[in-house]
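Below is one structure, written out as structure tokens; comments come after it.
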Amino acid sequence: MAGSVAVKVSCLVLMCMLVASPMAVEGLSCGDVATQMASCISYLRGTGPLPPACCNGVKNLKTSATTTQDRRTACKCLISASKTISGVNFGLAAGLPGKCGVSIPYKISPSTNCDQVN
């Protein structure tokens, strides 16, 4: 039952992000970010292990963010999502790229200024 609720909440969050988030005209969009990061939600809430699909999404996102604008978009989408999804552990969020063996040029934190990402 709890798994079913988590799936429904995850789907609702992803749908909201797809509809309500500003989309990039070209390049990376919040929809792309949401798709890549969907499998990370239970880990980021501290309610589940780090699934391989999550790290695959982190790596795919890193590979997809080829321009400064893409990296800024990814940053803004991640920060926005982390504020919207209830129960996110920001320590886990900040450490996620490193756990997946990926280096990104910003910290996933509500205090990150994504406009300064290069």
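Listed values, structure above:
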| item | result |
| --- | --- |
| Count of Lys pairs (Cα-Cα under 15 Å; at least 8 positions apart or interchain) in segment 49-118 | 7 |
| Spin-label pair Thr84/Gln116, simplified geometry with 7 Å Cα→Cβ offset, distance in nm | 2.5 nm |
| Inter-probe distance in nm under a simple model that places probes 7 Å from Cα toward Cβ, at Ala53 and Lys99 | 1.6 nm |
| Fraction in percent of alpha-carbon pairs per bin - 10 Å, segment 37-118 | 19, 57, 23, 1 |
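Every number here is computed from the coordinates shown, using simple stated rules; none is lab data. Worth saying up front: this structure is predicted, and the values here are computed from it rather than measured. As a convention, Cβ positions derive from the backbone with ideal geometry for all residues, glycine included, and neighbour counts pool all protein chains shown.
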